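Q: My questions will all concern the structure given below.
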Amino acid sequence: MSLDIVVGTQWGDEGKGRVVDVLAANVDYVARFNGGDNAGHTVTVGEKTFKLHLIPSGIIQPHTIALIGNGLVINPEILVQEMNMLKESNVEVNPERLKISFAAHLITPGHLALDKAKETLRGGKKIGTTLRGIGPAYNMKASRNGLRMESMLDPVKFHHQITDHIHEINRQLTKLYEMDPLDAESIADQYTKYARILAPYISDPSQILSEAIRNGKNVLAEGAQGTLLDLDHGTYPYVTSSHPTAAGALIGLGLSTSFVDRIIGVTKAFQTRVGEGPFPTEVFGNIAERLRGTGVNPWDEFGTTTGRPRRVGWLDGVLLRYTSRINGLSELTVTKLDILSGIPVIKICVAYQMNNKSFPDLPLGPADLSPFTPIYEKMEGWEENITGARHWKDLPLQARNYILRIEEICGVPVKFISVGPERSQIITID
Ligand code: IMP
């Protein structure tokens, strides 16, 4: 019996979906625990690429049961679209295979409008949100006037609740933000239709998973976003509104700490970020274009959800050590190592510098990184294309040295290395 948790150790987009898909081959249940459709998880199986925003990417493995935990905020329009997309790709989606927490919160067009209005008002200080209504939905949850999935179980009452909710948001939109009001009646009609579709899927993941673990089943908790976007432990205020950390998995699924077995961190071989906020190891120019790709491949560094080009940089060892500690990682997966092939000198940040003093660790967390400059170590790169490597010994010496240095910096053993987007392009280290 076990609960394994997969978390991102950077600012999201680490390739967690890819790792979850591989790990899901040996588990019975896969569960998402935070965020909403701000996430984008890409999984490539043979010729087919799946882009998932809400449903755990482990659902692509045919034997798994997928769960959406109480920690999520759900846009039902996106969820229904995703369910249909999977069905069209012959992935089985039914209430036996997909279970949605009664306590997850709903995202409505009201939240989308507020997200946009707030970002516009922030002007030069905008966060660069995905505009998916995430912040406003969590805001209402914390203010204790949100709408939970369980309200969909009574469609008549639900219609009234949605109407009231949109009226409440309309007051803010018109009075505070000078925007046009939304049409409460048509939104309520639409949401009542979603309620009829989704009601059979509503259940209690906490109960289902606790019982399953006690009965010897294996559960994989799939985080969205990354630790540096955590509301408390990330680069505040340039963060999301949920907890993409190992502790967030327990809250977001209603599970006991005593179940936890492995905590698997995922890091890219370099650093990326979408949206605003600090990024000490960011690079520009030719090397940035080299790391980002041109956008022609699904794995190039352009947002899965928004299509925005991602900011790119060298791997930041100070932040990786920090996120390893926050999560208590038991192992690390390094993704996209293949992208570094052909770069003659690879830099890795091993400490920060401020006033001629070196800081291997952050004195006060990552919110204000502006006083620091990165101290880099230069490592010899490799020429070889490594996308065909399947074993540790297949990797060039310089690539192995790079991985060993990452392990040394964060004190966590690397167990998987991904060298391409396809399911089989992974090296497992025993
Ligand atoms: P929000 O979650 O849409 O409110 O956006 C807050 C911040 O988190 C922005 O900088 C987004 O770009 C970032 N963000 C949210 N979700 C993801 C993700 O899945 N990957 C990467 N960045 C994300």
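The values are calculated or read from the model by the stated rules, or taken from the named source; none is laboratory data. Fair warning: this is a prediction, and the values are worked out from it, not measured in the lab. Every residue, glycine among them, receives a Cβ derived from its backbone with ideal geometry; neighbour counts consider all protein chains shown.
Q: Does Lys217 satisfy the condition of being surrounded by 14 or more Cβ atoms within 10 Å (Cβ to Cβ), farther than 30 Å from Arg310 by Cα, in contact (Cβ under 8 Å) with a residue 24 or more places away in the chain and in contact with a strand residue (DSSP E or B) (Cβ under 9 Å, 6 or more places away or on another chain)? Full working, then the answer.
A: Numbers: surrounded by 14 or more Cβ atoms within 10 Å (Cβ to Cβ): yes; farther than 30 Å from Arg310 by Cα: yes; in contact (Cβ under 8 Å) with a residue 24 or more places away in the chain: yes; in contact with a strand residue (DSSP E or B) (Cβ under 9 Å, 6 or more places away or on another chain): yes.
For Lys217, the condition - surrounded by 14 or more Cβ atoms within 10 Å (Cβ to Cβ), farther than 30 Å from Arg310 by Cα, in contact (Cβ under 8 Å) with a residue 24 or more places away in the chain and in contact with a strand residue (DSSP E or B) (Cβ under 9 Å, 6 or more places away or on another chain) - is met.
Q: Looking only at strands (runs of 3 or more DSSP E) that fall completely inside the range 309-425, which ones have 1 or more residues that are surrounded by fewer than 19 Cβ atoms within 10 Å (Cβ to Cβ)?
A: Numbers: elements: 311-313, 331-335, 345-354, 357-359, 373-380, 414-418.
In the range 309-425, the matching strands (runs of 3 or more DSSP E) lie at 331-335, 345-354, 357-359, 373-380, 414-418.
Q: Say we look at the range 1-17 and pick out the residues that are within 25 Å of Val419 (Cα to Cα), more than 9 Å from the ligand (Cβ to nearest atom) and among the hydrophobic types (A, V, I, L, M, F, W, C); which of these is surrounded by the fewest Cβ atoms within 10 Å (Cβ to Cβ)?
A: Checking each candidate, the answer is Val6.
Residue by residue, here is whether (1) hydroxyl-bearing (Ser, Thr, Tyr); (2) buried (at least 20 other Cβ atoms within 10 Å of the Cβ) holds:
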residue: Tyr177; (1), (2): yes, no
residue: Gln207; (1), (2): no, no
residue: Gly226; (1), (2): no, yes
residue: Ala246; (1), (2): no, yes
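Q: Something else about it: Which residues, taken from the range 28-54, are hydrophobic (A, V, I, L, M, F, W, C), over 12 Å from the mean Cα position of the chain (by Cα) and either surrounded by fewer than 22 Cβ atoms within 10 Å (Cβ to Cβ) or under 20 Å from Gly71 (Cα atoms) (or both)?
A: The first filter runs over the range 28-54 and keeps only residues hydrophobic (A, V, I, L, M, F, W, C), leaving 30-31, 33, 39, 43, 45, 50, 52, 54.
Subsequent filtering for residues that are over 12 Å from the mean Cα position of the chain (by Cα) retains 30-31, 43, 45, 50.
Within the range 28-54, Val30, Ala31, Val45, Phe50 meet the criteria.
Q: Give the residues of the range 279-302 that are modelled with pLDDT of 95 or more and assigned to a loop (DSSP other than H, G, I, E, B), sorted by residue number.
A: Listed by number, the residues that qualify are Phe279, Pro280, Thr281, Val283, Phe284.
Q: For the range 242-278: of the residues being more than 16 Å from the ligand (Cβ to nearest atom) and assigned to a strand (DSSP E or B), which is farthest from Pro413 (Cα to Cα)?
A: So the residue we want is Val260.
Q: What residue, among those in the range 309-327 that are of a type in the set (D, E, K, R) and in contact (Cβ under 8 Å) with a residue 40 or more places away in the chain, is farthest from the ligand (Cβ to nearest atom)?
A: Applying the first criterion (of a type in the set (D, E, K, R)) to the range 309-327 yields 310-311, 316, 321, 325.
From what is left, the residues that are in contact (Cβ under 8 Å) with a residue 40 or more places away in the chain are 310, 316, 321.
On the way: Arg310: 8, Asp316: 16, Arg321: 21 Å.
Ranking the candidates gives Arg321 first.
Q: Could you list, in sequence order, the residues of the range 281-290 that are more than 16 Å from the ligand (Cβ to nearest atom) and touching a residue at least 24 places away in the same chain (Cβ under 8 Å)? Full working, then the answer.
A: Of the range 281-290, the ones more than 16 Å from the ligand (Cβ to nearest atom) are 281, 283-290.
Thr281, Val283, Ile287, Ala288, Arg290 - these are the residues of the range 281-290 that are more than 16 Å from the ligand (Cβ to nearest atom) and touching a residue at least 24 places away in the same chain (Cβ under 8 Å).
Q: While we're on this one: Given (1) over 23 Å from Ile78 (Cβ atoms); (2) among the hydroxyl-bearing types (Ser, Thr, Tyr); (3) out of contact with any helix residue (DSSP H, G or I) (no Cβ under 8 Å at 6 or more places or on another chain), where does Ser206 come up short, assuming only one miss?
A: Exception for Ser206: condition (3).
Q: Among the residues of the range 46-60 satisfying the criterion of being assigned to a loop (DSSP other than H, G, I, E, B) and under 17 Å from Ser101 (Cα atoms), which is nearest to the ligand (Cβ to nearest atom)?
A: Taking the range 46-60 and keeping what is assigned to a loop (DSSP other than H, G, I, E, B), we get 46-47, 53-56.
Then keep just the ones that are under 17 Å from Ser101 (Cα atoms); that gives 53-56.
Numbers: His53: 9, Leu54: 11, Ile55: 14, Pro56: 14 Å.
So, considering only residues that are assigned to a loop (DSSP other than H, G, I, E, B) and under 17 Å from Ser101 (Cα atoms), the one nearest to the ligand (Cβ to nearest atom) is His53.
Q: Would you confirm, using the coordinates I've provided, whether Ile127 is within 26 Å of Asn84 (Cα to Cα), among the hydrophobic types (A, V, I, L, M, F, W, C) and not assigned by TED's automatic domain parsing to the domain that holds Gly12?
A: Working: within 26 Å of Asn84 (Cα to Cα): no; among the hydrophobic types (A, V, I, L, M, F, W, C): yes; not assigned by TED's automatic domain parsing to the domain that holds Gly12: yes.
So Ile127 fails the test.
Q: Please pick out the residue among Asp21, Asp28 that is at pLDDT below 85, within 30 Å of Asn215 (Cα to Cα) and among the charged types (D, E, K, R).
A: Details: Asp28 fails: at pLDDT below 85.
Selected residue: Asp21, the only one of Asp21, Asp28 that is at pLDDT below 85, within 30 Å of Asn215 (Cα to Cα) and among the charged types (D, E, K, R).
Q: Look through Ser330, Ser341, Ser358 and report the one residue that is away from the ligand (no atom under 15 Å from the Cβ), among the small types (Gly, Ala, Ser) and either farther than 25 Å from Ala389 by Cα or modelled with pLDDT under 95 (or both). Outline the logic, then answer.
A: Numbers: Ser330 fails: either farther than 25 Å from Ala389 by Cα or modelled with pLDDT under 95 (or both); Ser341 fails: either farther than 25 Å from Ala389 by Cα or modelled with pLDDT under 95 (or both).
Selected residue: Ser358, the only one of Ser330, Ser341, Ser358 that is away from the ligand (no atom under 15 Å from the Cβ), among the small types (Gly, Ala, Ser) and either farther than 25 Å from Ala389 by Cα or modelled with pLDDT under 95 (or both).
Conditions (1) within 16 Å of the ligand (Cβ to nearest atom); (2) more than 25 Å from Arg310 (Cβ to Cβ), marked per residue:
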| position | (1), (2) |
| --- | --- |
| Val19 | yes, no |
| Gly35 | yes, no |
| Thr44 | no, no |
| His63 | no, yes |
| Pro109 | yes, yes |
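Q: Right, next: Residue by residue through the range 114-129, note down the ones that are among the aliphatic types (A, V, I, L, M) and either more than 14 Å from the ligand (Cβ to nearest atom) or on the phi > 0 side of the Ramachandran plot (or both).
A: First pass over the range 114-129, keeping only residues among the aliphatic types (A, V, I, L, M): 114, 117, 121, 127.
If the condition is that a residue be among the aliphatic types (A, V, I, L, M) and either more than 14 Å from the ligand (Cβ to nearest atom) or on the phi > 0 side of the Ramachandran plot (or both), then Leu121 is the only one that fits.
Q: Could we say that Ser242 is in contact with a Phe, Trp or Tyr (Cβ under 7 Å, 6 or more places away or on another chain) and either outside the structural domain of Ile74 (by TED's automatic domain parsing) or within 26 Å of Gln81 (Cα to Cα) (or both) here?
A: Details: in contact with a Phe, Trp or Tyr (Cβ under 7 Å, 6 or more places away or on another chain): yes; either outside the structural domain of Ile74 (by TED's automatic domain parsing) or within 26 Å of Gln81 (Cα to Cα) (or both): yes.
Judged against the criteria, Ser242 is a match.
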